[in-house]
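> One structure coming up, written as structure tokens, with questions to follow.
The values are calculated or read from the model by the stated rules, or taken from the named source; none is laboratory data. Every value quoted in this text rests on a predicted model; they were computed, and no experiment measured them. Neighbour counts run over all protein chains shown; Cβ positions are idealised from the backbone, glycine included.
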């Protein structure tokens, strides 16, 4: 099972990689790869939308058992 901190870190990684893809999207030397980049951006956006729908309040730490 994944804990809340690990999930936060993975979401941050996805967001960082999305920014990198945005940078590559404007690079004219990538020619046909731009289609793959566009598709990856669409899929990442879909993933983040689903994440925000699943966790509208963000990731909440479970209560600790004393």
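> Show the residue pairs that are 6+ apart or on different chains and have beta-carbon atoms under 7 Å apart, the first residue being within region 2-30 and more than 12 Å from residue 48 (Cβ to Cβ), the second being surrounded by 12 or more Cβ atoms within 10 Å (Cβ to Cβ) and modelled with pLDDT under 85.
4/59; 7/59; 8/59
> Given the condition assigned to a helix (DSSP H, G or I), under 24 Å from residue 8 (Cα atoms) and modelled with pLDDT of 90 or more, answer yes or no: does some residue in region 51-62 qualify?
Applying the first criterion (assigned to a helix (DSSP H, G or I)) to region 51-62 yields 51-54.
So of that shortlist, the ones also under 24 Å from residue 8 (Cα atoms) come out as 51-54.
Checking the rest, the ones that are also modelled with pLDDT of 90 or more come to none.
Within region 51-62, none of the residues are assigned to a helix (DSSP H, G or I), under 24 Å from residue 8 (Cα atoms) and modelled with pLDDT of 90 or more.
> Among the listed residues 38, 46, identify the single one that is touching a helix residue (DSSP H, G or I) at 6+ places or on another chain (Cβ under 9 Å), surrounded by 10 or more Cβ atoms within 10 Å (Cβ to Cβ) and modelled with pLDDT of 90 or more.
Of 38, 46, the one residue that is touching a helix residue (DSSP H, G or I) at 6+ places or on another chain (Cβ under 9 Å), surrounded by 10 or more Cβ atoms within 10 Å (Cβ to Cβ) and modelled with pLDDT of 90 or more is 38.
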